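Undergrad: This structure is in structure tokens; I'll ask about it shortly.
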Amino acid sequence: MSEAAPKAGQLTFVAPRRAKPQRHLADLTMAERRAAVAELGEKPFRADQLSRHYFAKLTESPGDMTDLPAASRETLGQLLPSLLTSVREITCDDGMTRKTLWKLFDGSLVESVMMRYPDRVTMCVSSQAGCGMNCPFCATGQAGLTRNMSTAEIVEQVVAGQRALARGEVPGGPGRVSNIVFMGMGEPMANYKAVIGAVHRMVDPSPEGLGISARGVTVSTVGLVPAIEKLSNEGLPVTLAVSLHAPDDELRDTLVPINTRWKVAEVLGAAWDYAAKTKRRVSIEYALIKDVNDQEWRADLLGKLLKGKLVHVNLIPLNPTPGSKWTASRPEDERAFVRRLESHGVAVTVRDTRGREIDGACGQLAAANP
Ligand code: SAH
């Protein structure tokens, strides 16, 4: 479905123009929902009832909305088109990690992952079908950008997870999604408008939205500086994650090609402004790649850049993509990297590798199902 594979370093900012998915309740603000309902010849207050069903009661089928007159159910059902079809579901970690491959209305494939921990449930969602940012270690980046996802297509991934939890389908009893990370397929800051809409649906109080705490939502970006600046003015105190992967421009130009537009100093500058405005600790993502970016001198350089800032480093052991020459760092190099960072007083954790055995990370399931 995607465009031809991009050449090394090639960036795609504007998604190809394609047919759009049908309009869905979750695309709309409360005021827009009332207008849409009125357009269908229904009383505006039906928008509130419909919102309560979709965002609070998680009702799936309009037929089950028994507080609505039968005729209205059918009419209002037009605002709840089915946008995602599950084509594959894989679980691991005794069912606590669950990955879904979704087919969109036009056949595009995207994936989401649910990870249940003792104290929280995190959903990793996609924001684009494919990605135009072309990071050479990332499976999605290698496939290129197919199209932007709509707000509702993004939200539906979370609602599907929320429904599965509510129905008790996930081991551990009924539960709720508490955290959302935009770390599935796509570059969220390259699909800005739809992503902001989706964040609103996630964090706006129920039944306008899902009522998930903004602090539990993380937007991860390669570093589109103007979009980071815009995000800092949205009044949405989400966590910003920057995929840095190298502290020096020379290496970052190759690992994260957007660096040829906005350099390390610029992206970190935008991150510190974001932290100052939102009072939120910025997360720095750093995939440790054996003998590529895991040298102690790079840890030292990274430590110097981050020292004293409102920041937390997330080290991710590289999840090798099929055919790639790169692999995860040796355990002793990983440990040395952590120690060096800590010597600068920088908070650091090594991310667990949940879902790895199900190609859990980074577009690998879609890549394996062309
Ligand atoms: N485009 C956004 C969000 C999606 S990727 C971004 O780049 O931040 C989410 C995270 O997974 C990013 O930090 C990305 O660099 C990382 N990632 C991608 N491929 C990976 C791989 N093969 N191993 C480990 N981390 C990877």
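Undergrad: Simple spin-label model, 7 Å along Cα-to-Cβ: THR75 to ARG281 in nm?
TA: If labels sit at THR75 and ARG281, their model points lie 5.2 nm apart.
Undergrad: Hey, any idea what the orientation-averaged projected area of the convex hull of the stretch 12-134's Cα atoms comes to, in nm²?
TA: Dividing the Cα hull surface by four gives the mean projection, 10.4 nm².
Undergrad: Right, another one. Quickly work out the SER178-to-ARG23 label distance, labels modelled 7 Å from Cα along the C-beta direction, and quote it in nm with one decimal.
TA: Result for the modelled spin labels: 3.8 nm.
Undergrad: At 1.4 Å probe size, what's the solvent-accessible area of ASP67? Round to the nearest 10 Å².
TA: Counting only protein heavy atoms, the figure is 80 Å².
Undergrad: To continue, here is another question. VAL346: accessible area at probe 1.4 Å, nearest 10 Å²?
TA: Ignoring ligands and nucleic acids, VAL346 comes out at about 10 Å².
Undergrad: With r defined as the distance between the Cβ atoms of ALA35 and ARG339 and R0 fixed at 41 Å, what FRET efficiency is calculated, to the nearest 0.05?
TA: Here the calculated transfer efficiency is 0.10.
Undergrad: Using only alpha carbon positions, build the gyration tensor of the chain, then give the equivalent ellipsoid semi-axes as the square roots of 5 times its eigenvalues, largest first, whole angstrom.
TA: Equivalent-ellipsoid dimensions as semi-axes: 36, 21, 20 Å.
Undergrad: Moving on to the next point. When Rg is the radius of gyration of the Cα atoms in the stretch 96-187 and Rh is its Kirkwood radius, what does Rg/Rh come to?
TA: Here the Rg-to-Rh quotient is 1.01.
Undergrad: If you don't mind, another one. How far is helix 151-166 tilted off the main Cα axis of the chain, in degrees rounded to 10, range 0 to 90?
TA: The answer is roughly 80 degrees.
Undergrad: Moving on to the next point. Which order do you get for HIS344, HIS53 if you rank them by accessible area with a 1.4 Å probe, largest at the top?
TA: Sorted by accessible area, descending: HIS344, HIS53.
Undergrad: Along Cα→Cβ, 7 Å out, is where each label goes; now give me the distance between the ones at GLU229 and ARG120 in nm to one decimal.
TA: 3.0
Undergrad: Please get the size of the charge dipole for the stretch 236-353, origin at its Cα centre, with Cβ charges of +1 on Lys and Arg and -1 on Asp and Glu, quoted in debye to the nearest 20.
TA: 440
Undergrad: Work out the charge dipole of the chain with +1 on the Cβ of Lys and Arg and -1 on the Cβ of Asp and Glu about the Cα centre, then indicate which of GLN157, ILE284, PRO205 is farthest towards its positive end.
TA: It is PRO205, whose Cα lies furthest towards the positive end.
Undergrad: Also, quick follow-up: Filter the trypsin sites (Lys or Arg not before Pro) in the stretch 289-346 to those in DSSP coil with at most 11 other Cβ atoms within 10 Å of their Cβ, and list the result.
TA: When the trypsin sites (Lys or Arg not before Pro) of the stretch 289-346 are filtered for loop state and at most 11 Cβ neighbours within 10 Å, LYS325 remain.
Undergrad: Taking a quarter of the surface of the convex hull around the Cα atoms of the stretch 268-344, what do you get in nm²?
TA: Spelled out: convex hull of the Cα atoms, projected over all directions, averaged, 5.5 nm².
Undergrad: Cα-Cα over 29 Å: which of LYS193/LYS277; LYS7/LYS279; LYS99/LYS290; LYS43/LYS103?
TA: Table pairs above 29 Å Cα-Cα are LYS7/LYS279; LYS43/LYS103.
Undergrad: I've got another one for you. Shape verdict for the stretch 163-226, please, from the Cα gyration tensor: rounded (a/c under 1.5), prolate (a/b greater than b/c) or oblate.
TA: In terms of gyration-tensor shape, prolate.
Undergrad: Given the Cα-Cα distance of HIS312 and TRP297 and 0.36 nm per residue of separation, how much length would full extension add, in nm?
TA: 3.5 nm
Undergrad: For a quick check of your reading of the filter: which GluC sites (Glu not before Pro) in the stretch 39-79 sit in a DSSP loop and have no more than 16 other Cβ atoms within 10 Å?
TA: GLU60
Undergrad: Now for a different question. Plugging the Kirkwood radius over Cα pairs into Stokes-Einstein for the stretch 228-318, at a temperature of 10 °C and a viscosity of 1.306 mPa s, what D comes out in µm²/s?
TA: My calculation gives 118 µm²/s for D.
Undergrad: Right, another one. State to the nearest 20 debye the size of the charge dipole of the chain about its Cα centre, where the only charges are +1 on K and R beta carbons and -1 on D and E beta carbons.
TA: Roughly 420 debye, rounded to the nearest 20.
The values are calculated or read from the model by the stated rules, or taken from the named source; none is laboratory data. No experiment lies behind these values; they were computed from the predicted model shown. Quick reminder, even Gly has a Cβ in these numbers, built from the backbone with ideal geometry, and neighbours come from all protein chains shown. To get the accessible areas, we keep the full protein, side chains included, count just its heavy atoms, and leave off ligands, DNA and RNA. Shrake-Rupley method; radii C 1.70, N 1.55, O 1.52, S 1.80 Å.
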